[in-house]
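Before any comments, here is the structure.
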Ligand code: GLN
């Protein structure tokens, strides 16, 4: 059974933990660098990317996780987690860092502010239609050819990827953990 961590510094940790518990995986909450030992994968939850970035640095997880990602460790970032994995953040704080593991540019709150949050069905390659919950979601405005696009959405201003993957690194603009549909998590855990 794969052991999957959920980065438990800030954000919707509990929802990811319960969704993963429904799948055939061992779930571990990650709060310290040593919690990353012996994991097969890690989910970076939604929340506030600036806060999670700050806590990654102060907890000491930032560099340990960076080395692991570079060595092929599997990670899936949802919403704020996607921002943390991206190469370029648009509309971020000037001192905001990210891992740069996905060659994409994301605009924070690119679909609008809290009040513009929305739900939309999303067609995921090889899976079917899943419910997409978008809360102050990042918009992927640029993506390179090396990035596999698993789902696109047109929310009135053209098609933008909302689920992407490059090798061991997965990014999701929406919140699959806030629905009853665990197929996006299943895609990730099946890859471990
Ligand atoms: N807009 C938030 C950020 O920049 C992300 C929103 C979310 O994770 N629901 O961190």
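Has region 162-177 got at least one residue that is part of a strand (DSSP E or B), farther than 20 Å from residue 190 by Cβ, at pLDDT 95 or above and touching a strand residue (DSSP E or B) at 6+ places or on another chain (Cβ under 7 Å)?
No: region 162-177 contains no residue that is part of a strand (DSSP E or B), farther than 20 Å from residue 190 by Cβ, at pLDDT 95 or above and touching a strand residue (DSSP E or B) at 6+ places or on another chain (Cβ under 7 Å).
Consider residue 154 against the criteria (1) out of contact with any strand residue (DSSP E or B) (no Cβ under 6 Å at 6 or more places or on another chain); (2) under 21 Å from residue 13 (Cα atoms); (3) away from the ligand (no atom under 16 Å from the Cβ): it satisfies all of them except one. Which criterion is unmet?
That leaves (2) as the condition not met.
Please give the number of the condition residue 132 fails out of (1) touching a strand residue (DSSP E or B) at 6+ places or on another chain (Cβ under 8 Å); (2) within 16 Å of the ligand (Cβ to nearest atom); (3) without any contact (Cβ under 8 Å) to a residue 12 or more places away in the chain.
(3)
Go through (1) more than 21 Å from residue 162 (Cα to Cα); (2) modelled with pLDDT of 95 or more for residue 24 and report which single condition fails.
Failed condition: (2).
Look at region 86-107 and say how many of its residues are farther than 16 Å from residue 155 by Cβ and within 12 Å of the ligand (Cβ to nearest atom).
Going through region 86-107 one residue at a time, the tally reaches 8.
Taking region 76-85 as the search range and keeping residues that are farther than 18 Å from residue 144 by Cα and outside any strand (DSSP E or B), which one is farthest from the ligand (Cβ to nearest atom)?
81
Go through (1) under 14 Å from the mean Cα position of the chain (by Cα); (2) at positive phi; (3) touching a residue at least 40 places away in the same chain (Cβ under 8 Å) one by one and return the number of the condition residue 72 breaks.
(1) is the only condition that residue 72 fails.
What do you reckon, is residue 41 in contact with a helix residue (DSSP H, G or I) (Cβ under 6 Å, 6 or more places away or on another chain) and either touching a residue at least 40 places away in the same chain (Cβ under 8 Å) or farther than 21 Å from residue 133 by Cβ (or both)?
Judged against the criteria, residue 41 is not a match.
Of everything in region 136-151, what is closer than 15 Å to residue 112 by Cα, surrounded by 18 or more Cβ atoms within 10 Å (Cβ to Cβ) and touching a strand residue (DSSP E or B) at 6+ places or on another chain (Cβ under 9 Å)? Give them in sequence order.
Scanning region 136-151 gives 137, 138, 139, 140.
Would you point out the residue of region 13-38, among those that are crowded, with 19+ Cβ neighbours inside 10 Å and touching a residue at least 40 places away in the same chain (Cβ under 8 Å), that is farthest from residue 108 (Cα to Cα)?
25
The values are calculated or read from the model by the stated rules, or taken from the named source; none is laboratory data. These numbers were taken from a predicted model, which means no experiment stands behind them. Every residue, glycine as well, gets a Cβ built from its backbone with ideal geometry; the counts of neighbours run over all protein chains shown.
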